[in-house]
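Novice: To start, I am sharing the structure in question, which I have written as structure tokens.
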Amino acid sequence: MKIAFWQKESFIDYPGKISTLVFTPGCNYNCGYCHNPELKEFDGKGINETEIFEYLIANKGWIDAIAISGGEPTMQIGLKDFAKKAKDLGLLVKLDTNGAAYTILQQLKNEKLIDYVAMDVKGPVELYPLITKTKLIGLRDNLGKGISIISQFPESEFRTTLCPVYNNGEPRWMTPEEIGKTAELIHDWSFHQGKSSYFLQPFKAIEKEEGDEKFLRENLPAEFYETPQKLLKECLVEAQKHLPNAKIR
Ligand code: SF4
């Protein structure tokens, strides 16, 4: 599997576990608020996975899990083999995904290769083209299938970043009503309706020069540097109408 970056230890990327964290290059979306924009067109040398597995063998008993993030890891042909090698070492495996590649997710689930899946649900269906800046065909059904499959992994979570949305060239915050619709979408497609974990995350202005210029701190009005706590709380109220377990992260 292609790996662009590697963080040997993480205490936050697999809930309750010490994990090693890998970032795969490439993504099928082009979200303006992406915090890993350098991964989208990554053409660096990357990391050889042999080095990672040697480290994991040497640190058996210390590292509990491997977290696979990106970019979008389901674009990697070697993802299944990589996850299998990790499982063979007795590690837990977590996947961060945007959920678009539901057939790959189904295979990973059938083969029991992933223990924990975290899916970014970008917002309600109608905001997807604006947020992902990607032309999406059959979006509502595809998104629903992704949510349904992900909700059937041993552990899963859904999360949404409350980001600025550009309508007619001007930014505005995503609204509580839109978050309510997002939570309803997750509820309606989840296998265990109403029980899904859902997290609302604040947006933070991008400080990397490779980032989308409309989301760079230097170009944003000050009120869009970070999602206001008041808005997060108002959105949480709407989300909990559909998903009582919703929380602010
Ligand atoms: S789906 Fe994730 S990795 Fe891909 S562009 Fe959007 S925020 Fe970045």
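Novice: Efficiency by 1/(1 + (r/R0)^6): what FRET value for GLN240 and ILE57, r their Cβ-Cβ distance, R0 = 45 Å, to the nearest 0.05? Working shown, then result.
Specialist: Details: r = 44 Å, r/R0 = 0.97.
For GLN240 and ILE57, the calculated efficiency is 0.55.
Novice: To the nearest 10 degrees, how steep is helix 49-58 against the longest Cα principal axis of the chain, on a 0 to 90 scale?
Specialist: Between the helix axis and the principal axis of the chain, the angle is about 70 degrees.
Novice: In degrees between 0 and 90, to the nearest 10, how far off the longest principal axis of the chain does helix 176-189 point, with axes built from Cα atoms?
Specialist: Result, in degrees: 40.
Novice: Helix 229-240 sits at what angle to the longest principal axis of the chain, using alpha carbons and giving 0 to 90 degrees rounded to 10?
Specialist: It works out to around 80 degrees.
Novice: Write down the percent of antiparallel bridges among all DSSP beta bridges whose residues are both part of the chain, to the nearest 5.
Specialist: Values: 10 of 38 bridges.
Counting DSSP beta bridges with both partners in the chain, the antiparallel share is about 25 percent.
Novice: Right, another one. So how far apart, in nm, are the two label points at HIS35 and LYS230 if each is 7 Å from Cα heading toward Cβ?
Specialist: In this crude label model, HIS35 to LYS230 measures out at 2.5 nm.
Novice: Using label points projected 7 Å from each Cα along Cα→Cβ, tell me how many nm separate PHE191 and TRP6, to one decimal.
Specialist: The modelled label-to-label distance comes out at 3.2 nm.
Novice: Turning to a different aspect of this structure: Under a point spin-label approximation (7 Å from Cα along Cα-to-Cβ), what is the TYR166-ASP141 distance to one decimal in nm?
Specialist: Here the answer is 3.2 nm between the modelled labels.
Novice: Ok, one more. Leaving out ligands and nucleic acids, and using a 1.4 Å probe, what accessible area per residue does the chain come to in Å²? Write out the running numbers ahead of the final one.
Specialist: Working: 12160 Å² over 249 residues.
Averaged over the residues of the chain, the accessible area is 49 Å².
Novice: Amide H to amide H under 5 Å from ILE248: which residues, 5+ apart in sequence or cross-chain, H placed 1.01 Å off N in plane?
Specialist: Answer set, sorted by chain and number: LEU200.
Novice: Give the distance, in whole Å, between the Cα centre of segment 1-51 and the Cα centre of segment 155-223.
Specialist: Comparing the Cα centres of segment 1-51 and segment 155-223, I get a distance of 20 Å.
Novice: Right, another one. Which residues in segment 1-24 have a backbone N closer than 20 Å to a point placed 7 Å from the Cα of ILE77 along the Cα-to-Cβ line?
Specialist: Output list for this probe position: 1-5, 23-24.
Novice: Oh, and also: Hey, with R₀ at 35 Å, roughly what FRET efficiency would LEU89 and LYS247 work out to, going by the Cβ-Cβ distance, to 0.05? Provide the component values of the computation, followed by the final result.
Specialist: Values: r = 32 Å, r/R0 = 0.91.
Using R0 = 35 Å, I get an efficiency of 0.65.
Novice: Quick one: pull the percent of accessible area on the chain belonging to carbon and sulfur, 1.4 Å probe, ligands and nucleic acids left out.
Specialist: Details: 6110 of 12160 Å².
Its accessible area is 50 percent carbon and sulfur atoms.
Novice: Calculate the dipole size of the chain relative to its Cα centre from +1 charges on Lys and Arg beta carbons and -1 charges on Asp and Glu beta carbons; express the result in debye to the nearest 20. Provide the component values of the computation, followed by the final result.
Specialist: On the way: 31 positive and 35 negative charges, 127 e Å.
For the chain, the charge dipole is close to 600 debye.
Novice: Calculate the dipole size of segment 1-98 relative to its Cα centre from +1 charges on Lys and Arg beta carbons and -1 charges on Asp and Glu beta carbons; express the result in debye to the nearest 20.
Specialist: Working: 11 positive and 13 negative charges, 53 e Å.
That gives segment 1-98 a dipole magnitude of about 260 debye.
Novice: Aspartates and glutamates within cross-link reach of LYS85: Cα-Cα under 12 Å, excluding same-chain residues under 8 positions apart?
Specialist: Reachable aspartates and glutamates: GLU49, GLU54.
Novice: Also, I was wondering about something else. Mind pulling the per residue volume of the convex hull built on the Cα atoms of the chain? Å³ is fine. Can you show the working numbers first?
Specialist: Numbers: hull volume 30.3 nm³, N = 249.
Value for the chain: 122 Å³ per residue.
The values are calculated or read from the model by the stated rules, or taken from the named source; none is laboratory data. Note that this is a predicted model, so its numbers are computed, not measured. FYI the Cβ positions are ideal-geometry reconstructions off the backbone, even for glycines, and counts take in every protein chain you see. Areas reflect the complete protein model, heavy atoms only, side chains present, ligands, DNA and RNA absent. Shrake-Rupley method; radii C 1.70, N 1.55, O 1.52, S 1.80 Å.
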